[in-house]
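This report concerns only the one structure given below.
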Amino acid sequence: VAVGDVGVVAGRDSSDGDYVVNFPEVRAWCCQEQDIVVDNEADRIRSGAVVQIKETVVQPTFGWGNASPKLRGFVMNVDGRGKVSVQFGFRASGAPTDGLWSACLKELEPVKLTINTDDDAPQEFRIGDAVRPRHGLKEPSTQWGSLRPGDVGYVVATRVVNGEAIYTCNFPRAEMWMGRRSDLELDHIANVIRPGIRVRVRRTVKEPIFGWTPGQTHASVGVVRSIGYKADLVVVSFPGVMGWKGFIYELEPVGIPDSIFAQQVPPVGLGDCPKKHTLRPQTFESGESGGKICNPCKARSKYARTGATWYNCPLCDYDECTTCYHAGKTAAAPQPSRRPYANIKSTVPSWSGEQLDSFDIHTGEFSFVANEVNQN
């Protein structure tokens with residue numbers, strides 16, 4: 001082990017209090033507290049992070065393989081010894097980069113991601129971008145498959161077919177789903193929720209799927225530890241709670257202005273189930289016999305048509321048809337077990353005469369452009 005090496009703390013010796021650290025090439029290295037420091041940059045390189053190889057790296061520990069300088073990749077996994085598995089997908093030429101590339105933590109750096117409120121950007125997606133089916137999309141060019149409206153996933157590969165970019169994405173219910181640029185849009189909020197980012201439960205989520213922990217509210221701020229490679233479960237450390245789990249669409253980065261939610265992020269759902277979980281849009285498929293029964297109106301026939309939409313709470317197995325969903329009808333709710341959190345006031349300031357252009361989640365810096373004023 002040399003100065004500058006980065007490893008993962010495995011534990012402490014119960015007899016003398018020494019730390020036990022695992023490195024990619026050395027296991028169970030023992031040291032005292034004054035011998036090591038936390039590498040804050042490396043600590044953000046966890047599953048779900050977007051990374052690139054540092055410019056100072058001349059020869060990676062495990063060789064270049066299918067990697068190249070300045071190539072952007074997506075972290076699939078970091079093992080207990082600090083060995084990182086990175087997915088680079090396909091090169092711009094369309095040539096595939098087969099398999100996962102391995103590196104040491106010290107050889108990588110997180111890519112700085114920002115929220116850009118320009119609806120026309122990016123023209124092309126990059127590896128690791130968080131995307132979702134385009135709002136209002138009736139049918140993707142490659143069909144829905146297991147994908148559903150509102151799902152969020154990560155781009156893990158791109159290739160060019162007949163001059164057109166084809167994106168391979170991992171969604172929670174549709175791994176390795178492929179689609180075109182016209183099928184997808186960037187999820188501006190989910191795209192900056194990465195390991196090391198400070199987050200809280202979205203103000204629009206009344207009850208997270210896995211529930212609140214004692215004392216946790218919308219005002220509670222935690223740090224993202226890791227995200228599943230399919231953008232499914234997010235592990236967050238809140239004060240007093242090290243392993244709270246939630247879904248990426250239930251979270252928001254701290255400091256996001258209300259204007260971004262109102263203008264850039266269509267709501268995932270307008271309604272809630274009786275236990276106040278946010279309903280998710282679903283699409284009826286031809287292989288499903290009998291359809292679904294709407295809990296409020298008890299109708300079944302509305303789901304007999306392939307491609308019809310209904311709204312579901314996966315935790316409670318609760319369903320609503322489109323009519324009841326948009327009418328705000330909800331079946332009788334059971335008596336709540338505790339008083340819900342309410343009356344949360346946003347501390348985000350508002351601005352007049354300017355339009356938000358971008359927000360840097362790492363530095364908290366905002367960029368503005370002046371609104372056009374009609375002189376007539």
Item to check | Cβ-based net charge around Asp5, under 9 Å, with every Lys or Arg adding one and every Asp or Glu removing one | outcome: 0
Checklist outcome for this item: Highest mean packing first, using Cβ neighbours within 10 angstrom, the peptides 127-135, 11-19 sort as 127-135, 11-19
Checklist entry - Taking amide hydrogens as modeled 1.01 Å from N in the peptide plane, which residues meet the under 5 Å criterion relative to Ala157, leaving out close sequence neighbours? => result Thr168
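Full extension from Gln32 to Ser14: what is 0.36 nm times the residue separation minus their Cα-Cα distance, to one decimal in nm? Spell out each step's value before the answer.
Values: separation 18, 0.36 × 18 = 6.48 nm, distance 1.27 nm.
That pair, Gln32 and Ser14, stretches by 5.2 nm at full extension.
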Item to check | Cut-off 10 Å between beta-carbons: net charge of the residues surrounding Gly222, Lys and Arg +1, Asp and Glu -1 | outcome: +3
Checklist outcome for this item: Here the relative contact order (percent) of the stretch 145-222, from C-alpha pairs under 8 Å and at least 6 apart, is 20
Checklist outcome for this item: Given pairs Lys83/Lys245; Lys112/Lys275; Lys245/Lys292; Lys230/Lys298 and cut-off 32 Å on Cα-Cα distance, the over-length ones are Lys112/Lys275; Lys230/Lys298
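No value in this document is a laboratory result; all are computed from the given coordinates. Remember, it's a predicted structure, so these values are computed and weren't measured experimentally. Cβ coordinates were reconstructed from backbone atoms using ideal geometry, including for glycine residues, and neighbour counts include every protein chain displayed.
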